[in-house]
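Throughout, read-outs are computed from the coordinates displayed, never taken from laboratory work. Computed from a predicted structure; not experimentally measured. Cβ sites come from the backbone with ideal geometry, for glycine too, and all protein chains shown count toward neighbours.
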Amino acid sequence: MATPSKKIPATLIPGDGIGPEVSQATLEVLEAVGAPFQWETHQAGMAGVEASGDPLPPETLASIRRTRLALKGPLTTPVGGGYRSSNVRLREEFELYANLRPARTLVPGGRFEDIDIVLVRENLEGLYVGFEHYVPIGDDPRAVAMASGVNTRAGSRRIVEFAFDYAVKNGRKKITLVHKANVLKKLTGLFLETGREVAKKYEGRVSVDDRIIDACAMQLVMNPWQFDMIVTTNLFGDILSDLNAGLVGGLGMAPAGNIGVDAAIFEAVHGSAPDIAGKGLANPLALILSAAMMLDHVNMQDKAKRIRTAIDKVLREDNVRTGDLGGKASTKEFTRAVVKRL
């Protein structure tokens, strides 16, 4: 794809709260590894509201339309005022149908060692389409709440194919289809049926099994090592991806990519932590690891691997860790340690 000398245009959304601090740390690491991104910096979230009265300003959207590639720090959705989540709007705007959430043990000595699970979540369908309404009864306008979920065969096929293609490209051996087809026979039955059809094309290269969502949640806690990759619908994927993050130390360690046909946005999934903003305490790991995923996406796996290796050495050999990982390093000290390793 890109040659080392060729610049790759990309949009940077530093975010708010601790966003600017972890974004700065990530840029320093990317520079140290020689990543060829040419950044256009734009605002969103609270920073977008303060700058232009919109949590997702038109110039931010225009930039992503141009670059088709973005790195996004944590965003705060303003409470009240009818603002929709900027994250959801971005997914819909650019049809980012695949949410890619790897969970890998970084710090040894936790509850679980050697976790390495990649979850692929369908990002646009299911119960999160937001078709909801109230039914009034008597004098109670909200007596009954009703919601509809929507899964399509095309949407199910697209996400399962994405998961299998990722498995082949990244040497993964097994995919687990997660569903609730025993109860939601049509809504998630369609997903399971389509998933099994797609799996046949990859026979002999990637094995497949399936789990009911509740059993899967239990087994992830009891014996997570039996899982390699998981692909599932929107709501289940939202829940399980956070469960997987919990296995490896929480959202502070959790990178993510939202990938569509012609755009990809990589992000830290943790919150904007306004209580520690500007204090130099934030752990930049999630956004740095998301940037490594971004390098994978533009076929610079060697640079991505160097970043992950440097992080492993800083955490395991140098024992430089931020406060949330039981260390004393500031955001800048942690970043310096990673840059030094690179």
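Quick notes on this structure:
- Sites GLU193 and SER85 - FRET efficiency at Förster radius 30 Å, r taken between beta-carbons, to 0.05: 0.45
- Relative contact order [Cα under 8 Å, 6+ residues apart], the stretch 166-226, whole percent: 40
- Take every pair of alpha-carbon atoms less than 8 Å apart whose residues are at least six positions apart; their mean separation over the length of the stretch 177-284 yields a relative contact order of 21 percent.
- The shape of the stretch 41-90 comes out prolate: with a ≥ b ≥ c from the C-alpha gyration tensor, a/c is at least 1.5 and a/b beats b/c.
- Cα shape, the stretch 119-219, gyration tensor, a/c 1.5 rule: prolate
- Rounded to whole Hz, the Karplus (6.51, -1.76, 1.60) HN-Hα couplings of the stretch 205-219, x for glycine and proline: 10, 9, 7, 9, 9, 9, 9, 6, 3, 5, 5, 4, 4, 5, 5
- Summed residue charge, Cβ within 12 Å of ALA10's Cβ, Lys/Arg positive, Asp/Glu negative: +3
- For the chain, built as a Gaussian network whose Cα springs stay under 10 Å, the top-fluctuating residue of VAL298, VAL22, VAL269: VAL298
- Estimated distance in nm for a label pair at LYS173 and GLU31, the labels positioned 7 Å out from Cα along Cα-to-Cβ: 4.3
- Of LYS169/LYS340; LYS6/LYS332; LYS174/LYS313; LYS279/LYS303; LYS173/LYS305; LYS305/LYS332, those spanning more than 24 Å from alpha-carbon to alpha-carbon: LYS169/LYS340; LYS6/LYS332; LYS174/LYS313; LYS279/LYS303
- Our summary gives the chain a relative contact order of 22 percent, counting only alpha carbon pairs under 8 angstrom and 6 or more residues apart.
- FRET efficiency for the pair ALA51 and TYR134, taken as 1/(1 + (r/R0)^6) with r the Cβ-Cβ distance and R0 = 35 Å, rounds to 0.45.
- Gaussian network model of the chain, Cα within-10 Å springs - most flexible of GLY195, GLY204, GLY327: GLY204
- HN-Hα J in Hz across the stretch 115-128 - Karplus 6.51, -1.76, 1.60, θ = phi - 60°, x for Gly and Pro: 7, 8, 10, 10, 9, 10, 10, 5, 10, 10, 10, x, 6, 8
- Cut-off 11 Å between beta-carbons: net charge of the residues surrounding GLY237, Lys and Arg +1, Asp and Glu -1: -2
- Three-way shape label, the stretch 1-154, alpha-carbon gyration tensor, a/c 1.5: prolate
- In the chain, the DSSP beta bridges split such that about 45 percent are antiparallel, to the nearest 5.
- The stretch between MET218 and ASP114, if pulled fully straight at 0.36 nm per residue, gains 35.6 nm over its current Cα-Cα span.
- Here the 3J(HN,Hα) profile of the stretch 151-162, calculated from phi with Karplus coefficients 6.51, -1.76 and 1.60 at θ = phi - 60°, is 10, 10, 5, 5, x, 5, 4, 4, 6, 5, 4, 4 Hz, Gly and Pro shown as x.
- Applying both filters, DSSP loop and at most 12 other Cβ atoms within 10 Å, to the trypsin sites (Lys or Arg not before Pro) of the stretch 143-248 gives LYS173, LYS185, LYS186, LYS201, ARG205.
- Using a Förster distance of 22 Å, the FRET efficiency for TRP225-ASN299 (Cβ separation, nearest 0.05): 0.15
- Gaussian network model of the chain, springs between alpha carbon atoms under 10 Å - residue of PRO108, PRO136, PRO78 with greatest fluctuation: PRO136
- Loop-located chymotrypsin sites (Phe, Trp or Tyr not before Pro) across the stretch 103-167 with a Cβ neighbour count of 11 or fewer within 10 Å are lacking, with loop assigned by DSSP.
- Close amide H contacts of THR11 (hydrogens built in the peptide plane, cut-off under 5 Å, sequence separation of 5 or more or a different chain): GLU40, LEU69, ALA70, LEU71.
- Spin-label model, ASP209 to VAL150: label points 7 Å out along the Cα-to-beta-carbon direction sit 3.5 nm apart.
- Most to least packed among 7-16, 31-40 [average Cβ atoms within 10 Å]: 7-16, 31-40
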